[in-house]
1. Considering segment 249-264 alone, what residues qualify as being assigned to a helix (DSSP H, G or I) and surrounded by fewer than 24 Cβ atoms within 10 Å (Cβ to Cβ)?
2. Would you check if there is a residue in segment 225-238 being assigned to a helix (DSSP H, G or I), of a type in the set (A, V, I, L, M), at pLDDT 90 or above and within 22 Å of residue 137 (Cβ to Cβ)?
3. Among the residues of segment 61-78, what is the count of those that are charged (D, E, K, R), over 15 Å from the mean Cα position of the chain (by Cα) and under 15 Å from residue 204 (Cα atoms)?
4. If you take the residues of segment 184-213 that are of a type in the set (A, V, I, L, M, F, W, C) and over 26 Å from residue 51 (Cα atoms), which of them is surrounded by the most Cβ atoms within 10 Å (Cβ to Cβ)?
5. So which pairs qualify, if the first residue must be in segment 194-223 and over 16 Å from residue 76 (Cα atoms) and in contact (Cβ under 8 Å) with a residue 60 or more places away in the chain, the second must be among the polar types (S, T, N, Q) and loosely packed, with under 14 Cβ neighbours inside 10 Å, the Cβ gap must be under 9 Å, and the two must be at least 6 apart or on different chains?
6. Test residue 113 against the stated conditions and say whether it is surrounded by 13 or more Cβ atoms within 10 Å (Cβ to Cβ), under 16 Å from residue 80 (Cα atoms), among the hydrophobic types (A, V, I, L, M, F, W, C) and at pLDDT below 80.
Amino acid sequence: MVDSAAGLRERVAANRRIAWPIALYFLLFVPLISFTAPTGSDPVDPSIQALQLLAYAITALMIGVARLSLTEFRIDKLTLILFLLFGTFLRIPSSTDDPSSVYSIYYGFGVVALALVGLILRSRSARNRWAPVSWGWLGLGLISGLGLALAIALLGTIASGSRFSLYTGPPLTTAGLIFAFLYAMGHSAIIEEPAFRGFLWGYLEQHRWKGVGIWLFQGALFWLSHFRYFDRPLMFWVALPAGGLIFGWLSWRSRSVAACLVAHAAYNGLGAFL
């Protein structure tokens, strides 16, 4: 009983501390990326990569603070592994990346990830409390992401009366699609999903918000955080709200961010070719 009470006090204290990095993420990063990144700007522009590094570091801080209660924030083992891998070895650069930004910003991701690994290795009791991987939901996440990308392309085709496409590069190939999926995982999914569908959801849940209310709120916040796409009607008014609700539903039902990561990367990866 004493151990349980001590563990409860530790989790309560951690949940109080987690409010600060959550607020930092949504009050600092989200407004910056929403309104300062111009529409159509190069995603590998150093300023945008610097913002991604900031978000990654804040998310790593959330994980470190909440390492004793990650299950409450839908961070399971696979989510954590993906977050670390795509912050180090699998954060692959684009062929258009400026080498100077690669050396500085990409190494910055590695430093943050390795610091988090060091903290995790010192927290054996925390590792024993992590939720197991929800493998069954990963396939549904993949189908959801691909299906959303195809649905948006179809709607664009119907609305325009001709084949809708934002892509003007080489034809779609299996290798290209895999690269796009991995790139999207490291440059968008791990930057947004743990915060929106993990820590924000868990924090609101602890404050007695109902599931439907959280689902709608996170979807609306995700939508508004992409205000830079306002001049792309199909993207802003259809794809983003739908994506926020679909990714949120996956988190709600699976209680894992891993399925959301896969769905987000699949949508962005296939969407790069449509």
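1. Once the filter is applied, which keeps residues that are assigned to a helix (DSSP H, G or I) and surrounded by fewer than 24 Cβ atoms within 10 Å (Cβ to Cβ), segment 249-264 yields 249, 252, 253, 254.
2. no
3. 1
4. 209
5. Matching pairs, first to second residue: none at all.
6. Criteria not met by residue 113.
This table checks each residue for (1) closer than 24 Å to residue 83 by Cβ; (2) of a type in the set (A, V, I, L, M, F, W, C).
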site: 180; (1), (2): yes, yes
site: 196; (1), (2): yes, yes
site: 212; (1), (2): no, yes
site: 220; (1), (2): no, yes
site: 223; (1), (2): yes, yes
site: 244; (1), (2): yes, no
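Matching residues to (1) under 22 Å from residue 233 (Cα atoms); (2) at pLDDT 80 or above:
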residue: 155; (1), (2): yes, yes
residue: 162; (1), (2): yes, no
residue: 173; (1), (2): no, no
residue: 182; (1), (2): no, yes
residue: 202; (1), (2): no, yes
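The values are calculated or read from the model by the stated rules, or taken from the named source; none is laboratory data. What you see is a predicted model, and the numbers here were worked out from it, not measured in a lab. We place every Cβ from the backbone using ideal geometry, glycine too, and count neighbours over all the protein chains shown.
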